[in-house]
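S.K.: Please read through the structure below; I'll follow up with questions.
The values are calculated or read from the model by the stated rules, or taken from the named source; none is laboratory data. Bear in mind that the values here come from a model prediction, so they are computed numbers and not experimental data. Note that each Cβ is placed from the backbone with ideal geometry, even for glycine, and that neighbours are counted across all protein chains shown.
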Amino acid sequence: MSKISNGKLRKEINYQTGLWIALFIFGIFRNYGEPEQPDFREVFYYGVCHWIFQIIGANWIYFILIRRFFEAKKYFHFMLYLIAGMYILGVLNRLFIVYAAEPLFSNYPQNSIFDILTDVKYLLFHYILPIISGSFIFVSMMFMLRYRDEKQNALQLQKEKSELELKALKAQLNPHFLFNTLNNIYSLSITGSDAVSKSISRLSDILDYILYHGQKEMVPITAEMKIVKDYIALEMLRYDERLKLEIEEKVAFPGLIPPLLYLSFVENAFKHGAEKTSGNVTIRISIETHANASLFRIENQFFGKHKKPGTGIGLENIRRQLDLYYPNQYTLAIAQADNWFKVNLMTPTT
């Protein structure tokens, strides 16, 4: 927290330094360029004196009056302290010039303290308005910087929230997937199938993918399709001849997708298709990439009752991940008809 505060303080000091130096130089050349052409030393000293009180007044208005009173909706106190404060700063600025600065470069007669306190019109136009003008520029800059920082903070918080949510969703999907796969291997081991060793090898490849690729933000579509094939090979050991697989790949353009995205759809098709029937079942998978979009399709037969399309923990998590990865940039269509459950997903290629 202290590092963040120190960094913010340094930034504010740097911004203020640049702004006040620029305003000082502008004021010096503006006054020196007037027709009367006053002595540069005189212009410089007057400029420094006004500049000091502009800095004091601007910081007092922003950090005290605006932050503590105006933003707290204490408008009466804000106006009262603003008027009183501007008058006091104007008087102090005038006193400083008359009794501290002018003796250094001129022999002007000194006004009495009473004259300085009561000449409100002169104070207003020659001291208070310059302080207010400098304060207005400073406060405007601070509000712009504050708006930028708040916007950046909001974006950072949203990014962190999205990353945490994605991790939570993946944490839900991965155990769900592993649980089903381990059940498959367990079923094979009970029957004494020779396919157990092959299943474990396939599972090892899948676990390697989950551990080393599943935490990435994006993976190549070719890498995702490879692990999809490993998973299918694992499932084929369980279903043997009664499962018919049709896979079509047209990856003409390289593309990236969130890890485990296609695999989750495939796992869902096996769970709600082949696993729910003892007869023959068909699953069709196709992937097609174009310059701007990738189209993934999967269809599986089902028999008997089936949940409403798009429901279930797996599909709901997938939809939420897509919302986070591709806000308003993807199309997901889920439908069922004539004992076929169909998923069509279109995502940006890059």
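S.K.: In the stretch 217-228, is there at least one residue being in contact (Cβ under 8 Å) with a residue 24 or more places away in the chain, touching a Leu at 6+ places or on another chain (Cβ under 7 Å) and farther than 18 Å from residue 297 by Cα?
M.R.: Yes - at least one qualifying residue is present in the stretch 217-228.
S.K.: Taking into account only those residues within the stretch 52-65 that are surrounded by 18 or more Cβ atoms within 10 Å (Cβ to Cβ) and not polar (S, T, N, Q), which is farthest from residue 20 (Cα to Cα)?
M.R.: Going through the stretch 52-65, the residues surrounded by 18 or more Cβ atoms within 10 Å (Cβ to Cβ) turn out to be 53-55, 57-58, 60-62, 65.
Restricting the remaining residues to those that are not polar (S, T, N, Q) gives 53, 55, 57-58, 60-62, 65.
Values: 53: 11, 55: 7, 57: 12, 58: 10, 60: 15, 61: 16, 62: 15, 65: 20 Å.
My answer is 65.
S.K.: Take the residues in the stretch 250-271 that are exposed (fewer than 15 other Cβ atoms within 10 Å of the Cβ) and not aliphatic (A, V, I, L, M), then tell me which one is modelled with the highest pLDDT. Explain how you work it out, then say what you get.
M.R.: Step one: list which residues in the stretch 250-271 are exposed (fewer than 15 other Cβ atoms within 10 Å of the Cβ), which gives 250-252, 254.
This time we only want the ones that are not aliphatic (A, V, I, L, M), so: 250, 254.
Working: 250: 90, 254: 83.
So the residue we want is 250.
S.K.: Report, by residue number, each residue of the stretch 215-259 that is touching a helix residue (DSSP H, G or I) at 6+ places or on another chain (Cβ under 6 Å) and assigned to a loop (DSSP other than H, G, I, E, B).
M.R.: Answer for the stretch 215-259, where residues must be touching a helix residue (DSSP H, G or I) at 6+ places or on another chain (Cβ under 6 Å) and assigned to a loop (DSSP other than H, G, I, E, B): 255, 258.
S.K.: Which one is surrounded by the most Cβ atoms within 10 Å (Cβ to Cβ), of the residues in the stretch 79-115 that are over 30 Å from residue 69 (Cα atoms) and aliphatic (A, V, I, L, M)?
M.R.: First, the residues of the stretch 79-115 that are over 30 Å from residue 69 (Cα atoms): 97-115.
Filter once more, so that each one left must be aliphatic (A, V, I, L, M): 97-98, 100-101, 104, 113.
Working: 97: 21, 98: 19, 100: 10, 101: 17, 104: 8, 113: 13.
Restricting to residues being over 30 Å from residue 69 (Cα atoms) and aliphatic (A, V, I, L, M), the top hit is 97.
S.K.: Let me ask another. Given the criteria over 20 Å from residue 145 (Cα atoms), touching a residue at least 24 places away in the same chain (Cβ under 8 Å) and surrounded by fewer than 18 Cβ atoms within 10 Å (Cβ to Cβ), does residue 75 qualify?
M.R.: On the way: over 20 Å from residue 145 (Cα atoms): yes; touching a residue at least 24 places away in the same chain (Cβ under 8 Å): no; surrounded by fewer than 18 Cβ atoms within 10 Å (Cβ to Cβ): yes.
Spelling it out, it is not the case that residue 75 is over 20 Å from residue 145 (Cα atoms), touching a residue at least 24 places away in the same chain (Cβ under 8 Å) and surrounded by fewer than 18 Cβ atoms within 10 Å (Cβ to Cβ).
S.K.: Hey, any hits in the stretch 134-144 for a residue that's modelled with pLDDT of 85 or more, closer than 30 Å to residue 287 by Cα and assigned to a helix (DSSP H, G or I)? Before the answer, list the steps.
M.R.: Keep residues of the stretch 134-144 that are modelled with pLDDT of 85 or more, which gives 134-144.
Checking the rest, the ones that are also closer than 30 Å to residue 287 by Cα come to none.
No, the stretch 134-144 contains no residue that is modelled with pLDDT of 85 or more, closer than 30 Å to residue 287 by Cα and assigned to a helix (DSSP H, G or I).
S.K.: When you check residue 84 against the structure, is it under 25 Å from residue 112 (Cβ atoms), modelled with pLDDT of 90 or more and either of a type in the set (Gly, Ala, Ser) or not in a helix (DSSP H, G or I) (or both), yes or no?
M.R.: Working: under 25 Å from residue 112 (Cβ atoms): yes; modelled with pLDDT of 90 or more: yes; either of a type in the set (Gly, Ala, Ser) or not in a helix (DSSP H, G or I) (or both): yes.
Here the answer is yes, as residue 84 does meet what is asked.
S.K.: For the stretch 105-128, how many residues are out of contact with any Asp or Glu (no Cβ under 6 Å at 6 or more places or on another chain) and assigned to a helix (DSSP H, G or I)?
M.R.: Within the stretch 105-128, the subset out of contact with any Asp or Glu (no Cβ under 6 Å at 6 or more places or on another chain) is 106-107, 109-128.
Imposing the further condition that a residue be assigned to a helix (DSSP H, G or I) reduces the set to 113-118, 120-128.
The total comes to 15.
S.K.: Tell me which residues, restricted to the stretch 38-51, are surrounded by 15 or more Cβ atoms within 10 Å (Cβ to Cβ) and not β-branched (Val, Ile, Thr).
M.R.: 42, 44, 45, 46, 47, 49, 50, 51, listed by residue number.
S.K.: Shifting gears a bit: Pick from 44, 24: which is modelled with pLDDT of 70 or more, in a helix (DSSP H, G or I) and either within 43 Å of the chain's Cα centre (by Cα) or farther than 22 Å from residue 94 by Cβ (or both)? Please lay out each step first, then the result.
M.R.: Values: 44 fails: either within 43 Å of the chain's Cα centre (by Cα) or farther than 22 Å from residue 94 by Cβ (or both).
Of 44, 24, the one residue that is modelled with pLDDT of 70 or more, in a helix (DSSP H, G or I) and either within 43 Å of the chain's Cα centre (by Cα) or farther than 22 Å from residue 94 by Cβ (or both) is 24.
S.K.: For the stretch 196-206, does any single residue satisfy the condition of being within 17 Å of residue 264 (Cβ to Cβ) and either more than 40 Å from the chain's Cα centre (by Cα) or of a type in the set (A, V, I, L, M) (or both)?
M.R.: Checked the stretch 196-206: at least one residue is within 17 Å of residue 264 (Cβ to Cβ) and either more than 40 Å from the chain's Cα centre (by Cα) or of a type in the set (A, V, I, L, M) (or both).
S.K.: Another question, then. Return the total of residues in the stretch 70-104 being among the small types (Gly, Ala, Ser) and under 46 Å from the mean Cα position of the chain (by Cα). So that I can check it myself, show each step before the final result.
M.R.: As a first pass, look at the stretch 70-104 and keep what is among the small types (Gly, Ala, Ser): 72, 84-85, 90, 100-101.
Within this subset, residues satisfying the condition of being under 46 Å from the mean Cα position of the chain (by Cα) are 72, 84-85, 90.
So the count comes out to 4.
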